[in-house]
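Enquirer: The structure that follows is given in the form of structure tokens.
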Amino acid sequence: MKIIVCIKQVPDAKDVRLDPKTNTLAREGVQSIMNPYDQHAVEEAVRLKELLGGEVTVLSMGPPQAEEVLRQAISCGADHAVVVSDRAFAGADTWATSYTLAKAVNVIGAFDLVLCGKQAIDGDTAQVGPGLAMRLQIPYVTCVQKVREATNSGLVLERMMDDGYDVLALDFPALLTVVKNINEPRVPSLKGKMRAKKVEIRKLTAADIGADPAFIGLPGSPTQVVKVFPPEARCIRTVFTGSLDEQIGQLVDSLQSYL
Amino acid sequence: MDYFLSEEQEMIVEIARQITDERIIPQRAELDEKDEFPRAILGEMARADLFGVPIPEEFGGFGGGCLDIVLALEQLGRGCIGVGTAFAASSLGIYPILIAGSQEMREKYLPDVASGKKFAAFGLTEANAGSDASGIQTTAVLDGDEWVLNGTKQWITNGGEAQIYTVVAITDRSKGARGASMLVVEEGDPGFSCGPKEKKMGIRASSTTELIFKDCRIPKDRLIGRKGTGFITVMKTLDSSRPGIAALGLGLAQGALDEAASYAKQRVQFGKPIMAFQAVQHMLADMAIQLEAARSLVYGAARHIDAHPNNMSKVSSMCKVFATDMAMKVATDAVQVMGGYGYMREYPVEKMMRDAKILQIYEGTNQIQRNVVGQELNKEYTRA
Ligand SMILES: Cc1cc2nc3c(=O)[nH]c(=O)nc-3n(C[C@H](O)[C@H](O)[C@H](O)COP(=O)(O)OP(=O)(O)OC[C@H]3O[C@@H](n4cnc5c(N)ncnc54)[C@H](O)[C@@H]3O)c2cc1C
Ligand SMILES: Cc1cc2nc3c(=O)[nH]c(=O)nc-3n(C[C@H](O)[C@H](O)[C@H](O)COP(=O)(O)OP(=O)(O)OC[C@H]3O[C@@H](n4cnc5c(N)ncnc54)[C@H](O)[C@@H]3O)c2cc1C
């Protein structure tokens, strides 16, 4: 089994701010973390490897610091890491991002399965996974909540739906995006951490992946962010105080006023 | 304070910290309430290679020293010393094999313990042999190619959960202290069983049971080291493991201080956070001072032990006494700082205070540790 996991480095949601002038994320001084959904994708990949054998390669497009999240993935059991980094990628939207990742996947070579998080907690579009699958011309399933069966030729999956779940079977090669209840990511191991410290991370530039300059970065991005703003708080919030019984009383009273 | 840990030691701390924060702390109250053995958490620790820390690399471990294990246990202790004890007792159980076992024996048992596939336990104490270990009555008699064990061990941590038990038994009563030997008993050996779980004041996540031997037959090659060296191996084992108990004390005290200090900042009485009252501040300051002093001693002792493995008894006992007496005091004071809330089960310091007590009792009571230090002084000053 050859598995590729796409990982995005995102600002820690605990301290995200918008730059009021540019309407872009103020990334300076903000701690970067692995996109939480991607941690679950890494865990699922490592579990499949432990079950079926093979290797897991983690891939990220981003600035050179994206190495940190790749090393974290190695400490949790991934085998190889690739970072695609180039100034020319700056300003990429989901269209350009999925093009770039597809080019990088082709350089990495043969694979059975690509795993992505359902969405990135900063961009939040949930488009990169499906976009990447389309570019790689492989089937995909989004919002996978469980791998029921796994063999060297394919998987039986549960796809989370608003009202329950679908059960799907698919053959490799394929792409999945995963939701958080698919698994509980492991704590890094000591051996993993030591390996992560030493592991060589493969670095690819736009030229290395043979990217067409017109399809990457800002020039390759048909989407433009016109305005980013914090939504107005609309609802009226009431905080009840007092003992639990008093608070319950207040809640009942206030609900009754709507009847 | 900066203790100049190596990069690898920082990694051990990070891993143990993450397990403590993400796995142990959210579950500790329930494990305590239900007397539940923390199998899933220990599994996570195994996967993170923590069981391999004290085991040499050639047997699949990390080849760590005393300070490495101290660092791991300190973090775990911050969450729950019941879980920490279950983990520590597995190391305690294999130290005799590490210290005195043959190469074959090490190859047979250590890799599975390093990977966490199997747990170990250490069986010395009996109903009539606590501090005075020489009073043990369990016997092992050679019959052809087998040892036959009879007797009952009491209060053995990981009893019923471990697969590997290192046990002390009398092999030649006429030889007194030189008549005891250590042997390995495995789960499932004929004639071996464990009693029910004891009901305890604290560390309720850990399992404590009797080990019962009724004509228990085990192969001859289960003898650890040479016949008659049992008590020497016991002493070396406990000297090696005591700093780990001290480390659980450091962690517990840190957890108690964290709770008490953050509570003191929030709790308002007489119109001020209670942290603003000097009496409360002084109590917290004393807790922090005692804790840091203990940490310095324990880390120092662990480094000494790593550098001078043949001269560890005194520092090992010193750090166990100091850090565990400190932990008891800090946990008690944490409850005091938190007042009635501290006494309630909803807050973790109530459990910490119940848990702390065991640290002054097991692996040799603090009175016995003072005897060890005193006897060493007696020797040193006779020489001088
Ligand atoms: C405040 C803000 C401003 C932005 N400004 C612009 C802008 O000016 N111009 C513009 O074109 N775009 C802009 N973007 C979009 C941004 O470039 C996208 O975040 C990016 O293309 C990825 O899309 P996504 O974050 O929605 O990922 P999703 O599609 O939600 O991510 C799903 C999964 O795809 C994978 N994935 C996503 N990105 C990567 C990656 N880089 N490397 C590896 N795997 C990945 C991960 O597995 C992830 O879990 C902005 C986003 C934000 C939040
Ligand atoms: C939860 C728990 C887990 C345990 N786990 C294990 C285990 O895994 N393996 C194992 O072998 N044992 C284990 N023990 C046993 C433990 O090590 C003993 O309880 C301990 O050594 C003390 O023995 P005792 O309880 O019989 O006390 P006693 O020896 O009866 O002591 C009673 C009191 O007298 C004091 N005293 C005794 N002799 C002297 C002296 N010479 N000078 C001064 N004071 C003295 C003691 O300090 C103590 O205060 C465990 C015990 C408990 C409670």
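The values are calculated or read from the model by the stated rules, or taken from the named source; none is laboratory data. All of these numbers come straight from a predicted model, not from anything done at the bench. FYI the Cβ positions are ideal-geometry reconstructions off the backbone, even for glycines, and counts take in every protein chain you see. Heavy atoms of the whole protein, side chains included, go into the accessibility calculation; ligands, DNA and RNA do not. Shrake-Rupley method; radii C 1.70, N 1.55, O 1.52, S 1.80 Å.
Enquirer: Can you tell me which residues in the range B:134-167 are among the aliphatic types (A, V, I, L, M) and either modelled with pLDDT under 95 or in a loop (DSSP other than H, G, I, E, B) (or both)? Before the answer, list the steps.
Expert: Quick first cut of the range B:134-167, residues among the aliphatic types (A, V, I, L, M) only: B:136, B:140-142, B:148-149, B:156, B:162, B:164, B:167.
B:136, B:162, listed by residue number.
Enquirer: For the range A:191-214, check the following and say yes or no: at least one residue is on the phi > 0 side of the Ramachandran plot, away from chain B (no Cβ under 14 Å) and exposed (fewer than 13 other Cβ atoms within 10 Å of the Cβ).
Expert: Yes, the conditions are met somewhere in the range A:191-214.
Enquirer: So how many residues does the range B:270-285 have that are open to solvent by 80 Å² or more (accessible area, probe 1.4 Å) and farther than 30 Å from residue B:71 by Cα?
Expert: 3
Enquirer: Let me ask you something else. Among the residues of the range B:50-67, which ones are crowded, with 23+ Cβ neighbours inside 10 Å and either in a helix (DSSP H, G or I) or not assigned by TED's automatic domain parsing to the domain that holds residue B:95 (or both)?
Expert: Answer for the range B:50-67, where residues must be crowded, with 23+ Cβ neighbours inside 10 Å and either in a helix (DSSP H, G or I) or not assigned by TED's automatic domain parsing to the domain that holds residue B:95 (or both): B:50, B:51, B:52, B:66, B:67.
Enquirer: Quick one: is residue B:288 open to solvent by 30 Å² or more (accessible area, probe 1.4 Å) and either modelled with pLDDT under 95 or in the same structural domain as residue B:378 (by TED's automatic domain parsing) (or both)? Before the answer, list the steps.
Expert: Details: open to solvent by 30 Å² or more (accessible area, probe 1.4 Å): yes; either modelled with pLDDT under 95 or in the same structural domain as residue B:378 (by TED's automatic domain parsing) (or both): yes.
Yes; evaluated as a whole, the condition is true for this residue.
Enquirer: Right, something else. Take the conditions in contact (Cβ under 8 Å) with a residue 40 or more places away in the chain, open to solvent by less than 50 Å² (accessible area, probe 1.4 Å) and assigned to a strand (DSSP E or B) and apply them to residue A:83. Does it pass?
Expert: Considered against the rule, which asks whether it is in contact (Cβ under 8 Å) with a residue 40 or more places away in the chain, open to solvent by less than 50 Å² (accessible area, probe 1.4 Å) and assigned to a strand (DSSP E or B), residue A:83 comes out as yes.
Enquirer: Filter the range B:1-25 for residues that are more than 8 Å from every other protein chain (Cβ to nearest Cβ), part of a helix (DSSP H, G or I) and more than 12 Å from residue B:83 (Cβ to Cβ); which is most open to solvent (accessible area, probe 1.4 Å)?
Expert: Top of the filtered list is B:17.
Enquirer: Same structure again: Taking the options A:140, A:165, name whichever one is open to solvent by 70 Å² or more (accessible area, probe 1.4 Å), within 17 Å of residue A:38 (Cβ to Cβ) and out of contact with any Ser or Thr (no Cβ under 6 Å at 6 or more places or on another chain).
Expert: Details: A:165 fails: within 17 Å of residue A:38 (Cβ to Cβ).
Checking each option against the conditions leaves just A:140.
Enquirer: Only one of (1) free of Cβ contacts under 8 Å to residues at least 60 places away in the same chain; (2) away from chain A (no Cβ under 12 Å) is not met by residue B:62, so which one is it?
Expert: Here residue B:62 clears every test but (2).
Enquirer: Yes or no: residue A:190 touching a helix residue (DSSP H, G or I) at 6+ places or on another chain (Cβ under 7 Å) and free of Cβ contacts under 8 Å to residues at least 24 places away in the same chain?
Expert: Details: touching a helix residue (DSSP H, G or I) at 6+ places or on another chain (Cβ under 7 Å): yes; free of Cβ contacts under 8 Å to residues at least 24 places away in the same chain: yes.
It is true that residue A:190 is touching a helix residue (DSSP H, G or I) at 6+ places or on another chain (Cβ under 7 Å) and free of Cβ contacts under 8 Å to residues at least 24 places away in the same chain.
Enquirer: Mind checking whether some residue in the range A:28-49 is loosely packed, with under 14 Cβ neighbours inside 10 Å and charged (D, E, K, R)?
Expert: Filtering the range A:28-49 for residues loosely packed, with under 14 Cβ neighbours inside 10 Å gives A:28-29, A:31.
Narrowing further to those that are charged (D, E, K, R): A:28.
Yes - at least one qualifying residue is present in the range A:28-49.
Enquirer: Could you tell me whether the range B:157-170 includes any residue that is away from ligand 1 (no atom under 16 Å from the Cβ) and open to solvent by 50 Å² or more (accessible area, probe 1.4 Å)?
Expert: Of the range B:157-170, the ones away from ligand 1 (no atom under 16 Å from the Cβ) are B:157-170.
Among the residues that remain, those that are also open to solvent by 50 Å² or more (accessible area, probe 1.4 Å) are: none.
No, that holds for no residue.
Enquirer: Next question, about the same structure. So which residues in the range A:42-69 are more than 20 Å from residue A:106 (Cβ to Cβ) and within 11 Å of ligand 1 (Cβ to nearest atom)? I'd like the intermediate steps shown before the answer.
Expert: Restricting attention to the range A:42-69, the residues satisfying the condition of being more than 20 Å from residue A:106 (Cβ to Cβ) are A:42-44, A:46-53, A:63-65, A:67-69.
Matches in the range A:42-69: A:42, A:63, A:69.
Enquirer: Being surrounded by fewer than 23 Cβ atoms within 10 Å (Cβ to Cβ), away from chain A (no Cβ under 12 Å) and not hydrophobic (A, V, I, L, M, F, W, C) is true for just one of B:78, B:47, B:28, B:39. Which residue is that?
Expert: B:39
Enquirer: Evaluate the range B:141-150: report whether one residue or more is away from chain A (no Cβ under 14 Å), touching a Cys at 6+ places or on another chain (Cβ under 7 Å), closer than 22 Å to residue B:39 by Cβ and more than 16 Å from ligand 1 (Cβ to nearest atom).
Expert: No, the range B:141-150 has no match at all.
Enquirer: Considering B:131, B:91, which residue is within 15 Å of ligand 2 (Cβ to nearest atom) and part of a loop (DSSP other than H, G, I, E, B)?
Expert: The conditions single out B:131.
Enquirer: Here is a follow-up. Just to confirm my filter: which strands (runs of 3 or more DSSP E) fall fully inside the range B:180-220 and include at least 2 residues that are within 11 Å of ligand 2 (Cβ to nearest atom) and open to solvent by less than 50 Å² (accessible area, probe 1.4 Å)?
Expert: Numbers: elements: B:180-186, B:192-194, B:208-219.
Counting at least 2 such residues, we get B:208-219.
Enquirer: Okay, next question. Go through the range B:317-371 and give me each residue that's away from ligand 2 (no atom under 16 Å from the Cβ) and polar (S, T, N, Q).
Expert: If the condition is that a residue be away from ligand 2 (no atom under 16 Å from the Cβ) and polar (S, T, N, Q), then B:332, B:336 are the ones that fit.
Enquirer: Then there is this: What's the total number of residues in the range B:106-128 that are within 16 Å of ligand 2 (Cβ to nearest atom), touching a residue at least 24 places away in the same chain (Cβ under 8 Å) and surrounded by fewer than 17 Cβ atoms within 10 Å (Cβ to Cβ)?
Expert: Final tally of qualifying residues: 1.
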